[in-house]
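The values are calculated or read from the model by the stated rules, or taken from the named source; none is laboratory data. If you're wondering where the values come from, they're calculated on a predicted model, not measured in any experiment. Using ideal geometry, Cβ is built from the backbone for each residue, glycine included, and neighbour counts are taken over all protein chains shown. SASA here: full protein model, heavy atoms, side chains in, ligands and nucleic acids out. Shrake-Rupley method; radii C 1.70, N 1.55, O 1.52, S 1.80 Å.
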Amino acid sequence: MGHHRPTTRSKNKRSRPDETAEATTESFRKIILTKTVTEDDVHQLYNVWRPVCQGCRVNSKDNPNCFCGLIPPPNGSRKSGLWQKTSEIVNSLGSDPSKDLRSSSSTPAGLTNLGATCYANSILQCLFMNKSFREGVFSVEPQILEEEPVLNNLVRLFAKLHSSKMAFVDSAPFIQTLELDNSIQQDSHEFLTLLFSLLERCLSQSKVSKARTIVQDLFRGGVSHVTRCSKCGNESEASSKIEDFYGLELNVKGLKSLDESLDDYFSIEELHGDNQFYCDACATRADATRSIKLRSLPAVLNFQLKRCVFLPNTTAKKKITSLFHFPGELNMAQRLSDCSELNLVYDLSAVLIHKGSAVNSGHYTAHVKDDNTDEWWEFDDEIVSNLGQEPFGPTSSISTVNIGQNDPVDYSSSVKEKDTLVDDSNMNVNQPHPLESNGIHHSKTFSSVDAYMLMYALKASKINSQRTAAQSLEHKIESDSSLVSQETDVSLPSHILEDIEQSNAAYLDSCEQYKSKKEFMLNHIMVRRQEVRLVLSKAPVQPLETPYFWISSDWLRHWADSAMPSIIDNTSILCLHGKLPLSSISCAKRLSTEAWTNLYSQYGGGPTLTKDDYCTDCIFEMGRNMARANVYRDQRLLMKELAEAALSGEHLDGKLYYISKSWLQQWLRRKNIDLPCDADSGPTASIRCPHGELMPEIAAGAKRILVPESLWMFFQETAMEVKPDDSVGRSTFSSESEPCATCGIELTEAAYSEDSLREFKLKQRLNHEKLCMNKNIALCPQIKYYLVPSSWLSKWRSYVNAGGKNASSAELDALNSVVDMLLCEKHSKLLGRPPELLWKRDLIFQKPSVTDGMTIIAEDDWRLFCEDWDGTESKGISAKIEIDSDMGDDNIGTCIDMSIPEEHLHINDGIHNGSSRRLLVKTSPQVCEECIGERECSELMRKLHYSNEDICVCLISGKEPPKSILEASGSISEPTRRTSKRSRKSTYGNSVNLNVSGTTSVYQLKMMIWETFGVVKENQILHKGSRVIDGETASLADMNIFPGDILWVTDSKIHENRDIADELSNTNLEVHVAEEGFRGTLLTSAISSQAVSEAYLNY
């Protein structure tokens, strides 16, 4: 049987009064009586008698002999401090620089991505892996590098990629020199084209021939645009001009392979009809052919695959993700217009990959072949991976085509769809076929859905460059003027060597420093943990008579959990007398002499507190306070009975005094009070007026109650003890005290004013009973009425109906000023229309008006309003109702008409059945249609100028929508008008809320509907009410579609369904911001605007 673990579950709960509390009380009582403190008293009061605690989950504050919880269990750990996990302690030192160490000299280095610079990193890796280009930039003179910062940073970047000890190199200096925006993704081919132009200008100043024309020698080819007359065979004058190119831009849409794209690029275009060519030889316009002729080829041939196409309907770009095939070897002999060689064979040297479906986002990587080892490497920013002997890794399969030594490479026949497989990298190649011997050459074909640019290197130039590099290397070794790297084919310039060596030395030094720091920290942590366990094992003091020392619990806890503890600090547990008081016993621990000596000898500090350093003065003070608390509790218990009797209304004898009733109630609610506190002050503060007299009881919060003299004296003494300077809060008011006369008069006047206001509101409600209750009155023809603003009437109704705490003393605007605001300044006519009228049960009523409308009231109401609200009766806007079936032109603009259905007409109305009459409201002054029209036009323009608002679109399965949808769709929405909760929660079956703006086009709205309901835009018949919304180029504002409108759409099902991806590259229908490209960077600083525009068009 194992040892029983002590029960500690309830040790932190509040202890009940027990023998310990009684013993403590008895010790204080004896100390006060004898005026001496014995050693037994100290043991009892300072809890020295408590046993040494073992097995507690947390450190007990009540037991100075408890050292549990200061360190975790043997196999435990903590989130911070000395007892953290080893891995977390190592992480606190920062990142290990050795993790970035280059694995081997044969492994290329990566480039850091500064945010969205993967497009530049992939191009730079392709250029760096080209040995001839690398040799060329390394041969530039130092003085040229000093003058050209772009070239200087490129050389230093290549040098670090070549010989740095780190697995990746910081690309920031070069990117910042070009002034590129790190947060914007750009097109890699456009970047390469502009970079070549910039490097050509920078290198043109070099006197080293190899460096001066390295860009042109490696990457520049020539083409001609040939236009030939079909009649006489004459070619245009421009056909003989050769244009330079650094890459051929090939179409991939609808094409499956590089061979098909090249056929498309060099295809012959027929010019007929309006496109006829003017032939100088024929002296007339004639049919002709136009084509591109390849005049010369570069050593490195770049193919830009045009996967980004422009959609004119959406002004957006879409990426083509179709599978595209390309060979490992490419013979361009038959593509060249004048070629004396039969074999111009190029090897695939690099594939630029664009991952992602969107054009303006995604990620660029580069798969590049190492010419020294023929191994392929994937460059994904900082990460560089070995792909083996294949461009897409060893897991990819390939297709092999048998080719004779003198035959051109024809790889199009090698593509067989039935053999196609797709691997995890989204790269696709075909299964291999058996290889044949007997002099037959074999070509491999690869395929990809993300290949964006292809680089091919001419085999002959490759051999020559290797031979030239070997000769150059031999010469450099003899001269010993530069550093030869691990590859033995390219050497670093001597002026860069020192910087690279210093950089590598600093990096290796940081690795060593981190290693040393890590070893020191782990050793120190281990020693500290052993020290803490040793000291804590010797800390407990067993016999009471043994000498011991006191130490701060906070410092001990910090020491046990800190790798670098500070000196001993016991100042936080000292009293004013420099001793250990009873109040600090929960913050102190009792240490053995051996443990204290060990700590003090190593850390110093103090002050030292022995077993005799208890504070006698504090013990006596605490004893006296405890005695006072006992007396106060007894007194309060007696006073509580008197207070309860006073509140219950019992008859009290003797002299009586006033105190605040609310204060007394709060005093009774307080419990477990040992000594007076701040709440005991101010027993009469709320019943004392500003004049120092008794506040009249009608004042707010001035309720008072009489208490006996003994209770009052107790309250006054405790209040004086708590706040001696507060004489106002304990003012004495005997039962004979009279209320303050001045305050009484002021309170009476205020009460009278409230009564007068209450009577005035009552009079208003009685005089205008129906208006007050918001009842719609019946109107009669040929009776004089008046018009008032509905907003003023609503405020008046709220004013007269408000009462109690909601009563407001603010009055309404005067009627004269309100009427003046209804008239236009230009014509002094009515700047608003009267409310519409309707028939209901043979009576005429006005429709409820909106807040900014007008309301018809009776003549008596208007007269009484003028008397009470500062109005002139003659200035009012009068109105009369007439029934007429024939309106002349003179009445237009001066009245409101409304058709009366015959089912609402009766004989007793004096109107013949079967006819349709109109209700007229004639006003004086007349309605100003000119000013109202201008205001409504301005308001309409404001409402149509909205953004990020919702409209509701309902999909109707049948030919006709339900009546509820048709009425809701045809009604005019008012965004400022408040609707009921039921109306706001209304739904219309298969409907959706779409977030639009006034500038949103109907086309964009239809694309949203297509995305939501799956109805192609050609099949959508869109309605607002009974009106058909047509014309895709119009905006919603042009079609008078407001926020909150309800539209309904039907599916004609005429056109076949198709994927929305065919219409848009993505579902983001926001307005596309014009692309800035590389505008504003160093790449375009010296290029003409025409060249920049051409670059954008090519993209």
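Quick notes on this one:
- Approximate spin-label separation ALA750-ALA563, in nm, with each point projected 7 Å along Cα-to-Cβ: 6.8 nm
- From the alpha carbon centroid of segment 46-105 to that of segment 159-232 is 57 Å.
- Cut-off under 5 Å, modelled amide H: who pairs with SER60 long-range: CYS68
- Using 0.36 nm per residue and subtracting the Cα-Cα separation, the extra length available between CYS232 and ASP264 on full extension is 9.0 nm.
- Annotation note: trypsin sites (Lys or Arg not before Pro) in segment 723-830 located in DSSP loop regions with a Cβ neighbour count of at most 16 within 10 Å are LYS775, LYS784, LYS826.
- From most to least packed by mean Cβ count within 10 Å, the peptides 1021-1028, 359-366 give 359-366, 1021-1028.
- Segment 757-793 and segment 629-696 have Cα centres spaced 55 Å apart.
- Heavy-atom SASA rank of TYR46, TYR657 (probe 1.4 Å, accessible area, largest first): TYR657, TYR46
- Packing, as the average of other Cβ atoms within 10 Å across residues, places the peptides 689-697, 263-271 in the order 689-697, 263-271, highest first.
- Distance between segment 576-614 and segment 330-385 - C-alpha centres, whole angstrom: 77 Å
- Within the accessible area of segment 120-201, the carbon and sulfur atoms contribute 49%, probe 1.4 Å, all protein chains present.
- Solvent-accessible surface (1.4 angstrom probe) belonging to PHE158, in square angstrom, nearest 10: 0 Å²
- Of the GluC sites (Glu not before Pro) in segment 519-623, the ones in a loop by DSSP (not H, G, I, E or B) with at most 15 other beta carbons within 10 Å are GLU545.
- Heavy-atom accessible area ranking, 1.4 Å probe, most first, across LYS459, LYS256: LYS256, LYS459
- Per residue, the accessible area of segment 281-390 comes to 39 Å² when a 1.4 Å probe rolls over the protein heavy atoms.
- Exceedance of the 30 Å cut-off in Cα-Cα distance is limited, within the set LYS30/LYS579; LYS703/LYS723; LYS306/LYS444; LYS256/LYS459; LYS85/LYS355, to LYS85/LYS355.
- Taken one residue at a time, the phi angles of segment 492-508 give Karplus couplings (6.51, -1.76, 1.60, θ = phi - 60°) of 7, x, 5, 6, 9, 4, 4, 5, 5, 5, 5, 5, 5, 5, 5, 5, 5 Hz. Gly and Pro are set to x.
- Once the C-beta distance of PHE520 and SER361 is scaled by a Förster radius of 56 Å, the resulting FRET efficiency is 0.75 to the nearest 0.05.
- Top positive-direction residue, dipole computed over segment 632-791 with Cβ charges, set HIS651, GLN665, LEU694: GLN665
- For segment 208-344, relative contact order (Cα pairs under 8 Å, six or more residues apart, normalised by length) works out to 28 percent.
- For segment 572-590, backbone nitrogen atoms closer than 20 Å to the point 7 Å from ASP617 Cα along Cα-to-C-beta are found at 572-585.
- Surface analysis of segment 556-713 yields an accessible area of 51 Å² per residue, using protein heavy atoms and a 1.4 Å probe.
- Percentage of interatomic Cα-Cα distances in segment 174-214 larger than 17 Å: 42 percent
- Rounded percent of accessible protein surface that carbon and sulfur make up, segment 319-371, 1.4 Å probe: 45 percent
- Within the assembled protein chains, the solvent-accessible surface assigned to TRP377 is about 20 Å², based on a 1.4 Å probe.
- Long pairs among LYS640/LYS661; LYS875/LYS922; LYS826/LYS880; LYS829/LYS922; LYS131/LYS160; LYS99/LYS131, criterion Cα-Cα beyond 19 Å: LYS826/LYS880; LYS99/LYS131
- Computed over protein heavy atoms with a 1.4 Å probe, the accessible surface of segment 55-173 works out to 40 Å² per residue.
- Rolled with a 1.4 Å probe across the full set of protein chains, the surface gives SER236 an accessible area near 30 Å².
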